[in-house]
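Accompanying notes for the structure given below.
Any read-out appearing in this document is the output of simple, stated calculations on the displayed coordinates, not a laboratory observation. Keep in mind that this is a model prediction, so the values were computed, not measured. As a convention, Cβ positions derive from the backbone with ideal geometry for all residues, glycine included, and neighbour counts pool all protein chains shown.
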């Protein structure tokens with residue numbers, strides 16, 4: 001990582017300042033961020049102001065937030081989403097690290113064949129198997145229980161994306177490290193837990209954030225497997241607000257703002273890790 | 001295993017620890033893949049060849065075996081949905097890759113405030129499709145939304161049979177900018193600087209430089225993004241559900257959207273599974289074509 005940053009610094013020093021590109025870049029940036037700003041501003045407008053087509057709030061009306069929280073238990077939904085996203089993230093990192101370690105550092109019969117089988121799961125679109133997965137969790141009686149988040153977690157406890165990226169991370173560890181560990185009397189498991197895994201921390205961070213965000217943003221699967229209101233996730237909560245009154249834009253924008261905050265926070269905090277880790281995996285190929 | 005060939009073991013990366021079998025490490029993932037990917041995949045194929053009741057139980061094999069497919073393939077609404085899906089996918093894929101590349105090239109230049117611009121370009125990644133779909137529904141609202149106000153138009157964006165699909169595609173492009181931007185800007189870091197130096201000696205301008213040097217150099221990344229964007233665009237659901245619910249008419253009903261309505265609104269599981277298999281076949285063929293084409297095109 002340190003290597004990358006020094007490289008970037010020198011590269012930008014070499015590059016000449018390009019104010020024209022800067023202006024164009026800012027125009028694009030404003031266009032991209034404008035829907036989010038618009039949402040935030042509208043959430044502080046009264047119903048009347050929205051009808052008068054105002055955009056900038058004058059009184060910072062917070063009634064919309066009150067209404068949004070009255071119409072849908074958004075904090076329960078946020079808690080559900082946090083539990084589900086964190087569980088999936090942790091479980092994928094565990095299963096992905098284990099498999100990534102085996103594929104990246106060990107040698108065994110059928111290694112390449114099994115790795116190809118893992119990669120093949122990427123070729124099967126999630127929405128093409130959603131009916132059968134629904135029937136599976138339904139046959140286990142999970143959908144009749146009043147409160148359970150298991151149906152949301154179970155199918156997302158591992159992913160080819162995670163395994164692949166962790167394999168890249170373990171592959172890039174120097175072989176001498178494993179040799180030294182073996183000479184020091186480490187067995188494979190001790191080497192994995194004590195030596196190798198801590199060194200893959202940047203990749204764990206990047207893959208973890210990516211997993212968190214993608215599970216947090218799921219819509220169709222939670223829609224299918226959550227029958228009671230108590231176990232819904234935030235994304236469905238937004239749909240609930242829209243269904244309650246599709247014209248109450250102030251309320252909907254307030255609810256949307258509440259829902260966006262956690263994932264934006266995760267993103268802002270983890271952005272550097274995410275970028276360096278993801279792109280490292282991509283470049284190494 | 002390879003004790004008599006220590007040299008080779010070192011050369012090939014990865015050592016053999018002799019105590020615990022490596023299969024232990026891959027077992028959890030393998031079992032989960034079997035249970036939630038391969039088994040449902042086979043089950044979906046079986047469902048598509050069966051007659052089901054309205055809670056998804058298989059009653060018997062379809063007679064003739066491929067009758068569900070015969071019904072689907074002679075159904076004009078299925079072909080219409082495929083047409084909608086392709087139109088949508090083309091708009092989304094082209095838009096996403098172009099936007100991702102343009103933003104990445106811009107953010108790679110040197111100027112003041114670049115850190116802010118870079119953060120904003122990646123930001124859409126953190127916003128869920130449900131959130132941006134709901135915001136866009138407001139922006140597109142004919143009377144209260146800001147888009148008609150700014151443009152001075154009077155379009156009913158999401159209720160117009162010509163505008164509805166491009167509107168959703170535009171929102172999806174917005175959603176995809178973050179990921180595409182990140183991959184392209186990563187690829188830009190590895191472009192050989194000497195190419196640019198040679199270019200500046202030749203006196204190329206900004207556009208020539210990127211058209212003739214940058215794009216060919218990052219073509220493997222662009223290819224990767226093409227594959228990913230095609231697969232993603234074929235699977236869109238939340239934004240369609242929240243913005244138009246498949247309407248007006250069936251003008252925004254994609255294949256995945258009809259899988260959902262067939263299965264979970266009309267309770268026709270076999271028919272939904274048939275459409276799922278068709279979705280898989282289409283994506284498989286498209287991906288195969290792309291990989292074939294890549295061998296010819298990539299530098």
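The table below lists the values:
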| read-out | value |
| --- | --- |
| Per-selection metrics, chain B (Cα): Rg and Dmax in Å | 24.4, 80 |
| Taking chain A and dividing mean pair separation by its residue count, relative contact order in percent (alpha carbons under 8 Å, at least six apart) | 31 |
| Acute angle (nearest 10 degrees) that the helix A:249-284 long axis makes with the longest principal axis of chain A, alpha-carbon atoms | 20 |
| Rounded, prolate or oblate (a/c below 1.5 giving rounded, otherwise prolate when a/b exceeds b/c) for region A:140-259 by Cα gyration tensor | prolate |
| Difference of contour (0.36 nm per residue) and Cα-Cα distance, residue B:292 to residue B:77 | 74.3 nm |
| Volume in Å³ per residue [convex hull over Cα atoms, computed for region A:118-160] | 69 |
| Residues B:114, B:159, A:194, B:241, sorted so that the one with the fewest Cβ neighbours within 10 Å comes first | A:194, B:159, B:114, B:241 |
| Over region B:19-68 - Rg/Rh using Cα atoms and the Kirkwood inverse-distance radius | 1.28 |
| Average beta-carbon neighbours from other chains, 10 Å sphere, peptide B:272-282 | 3 |
| Intensity falloff of region B:148-252 expressed as log10 I(q)/I(0), Debye formula with alpha-carbon point scatterers, at q = 0.17 Å⁻¹ | -0.86 |
| Reciprocal mean inverse distance between Cα atoms of region B:185-241 - Kirkwood radius, Å | 13.4 |
| Principal-axis tilt of helix A:19-42 within chain A, Cα atoms, nearest 10 degrees | 60 |
| Cα centroid separation, region B:227-266 to region B:176-194 (Å) | 30 |
| Chain A: calculated mean residue ellipticity at 222 nm from DSSP helix runs of at least 4, using -39500 (n - 2.57) | -22500 deg cm²/dmol |
| Packing rank of B:70-81, B:123-134, where each peptide gets the mean count of other beta carbons within 10 Å, highest leading | B:123-134, B:70-81 |
| Descending semi-axes in whole angstrom, ellipsoid equivalent of chain A, from the Cα gyration tensor | 41, 29, 15 |
| Chain B, helix-only ellipticity at 222 nm - DSSP H runs n ≥ 4, -39,500 (n - 2.57), divided by all residues, nearest 500 | -19500 deg cm²/dmol |
| Whole-number D in µm² s⁻¹ for region B:83-135, Kirkwood Cα-pair radius fed into Stokes-Einstein, 10 °C, 1.306 mPa s | 122 |
| For B:113-119, mean number of other protein chain Cβ atoms within 10 Å | 4 |
| For the protein assembly as shown: span of alpha carbons on each principal axis (Å, largest first) | 80, 70, 47 |
| Cα-based convex hull, region A:94-181, per residue volume (Å³, whole number) | 124 |
| Per-residue Cβ neighbour rank within 10 angstrom, fewest leading, B:181, A:219 | A:219, B:181 |
| Residue with peak Gaussian network fluctuation, chain A [Cα springs, cutoff 10 Å], from A:237, A:22, A:110 | A:22 |
| Gap separating the Cα centres of region A:131-182 and region B:31-96, nearest whole Å | 25 |
| Length-normalised contact order for region B:41-171 - Cα pairs under 8 Å, 6+ apart - percent | 15 |
| Relative contact order, percent, chain B [alpha-carbon distance under 8 Å, six or more residues apart] | 26 |
| Between 0 and 90°, nearest 10: helix A:234-244 axis offset from chain A longest Cα axis | 20 |
| Where labels lie 7 Å past Cα in the beta-carbon direction, separation of residue B:212 and residue B:155 in nm | 3.7 |
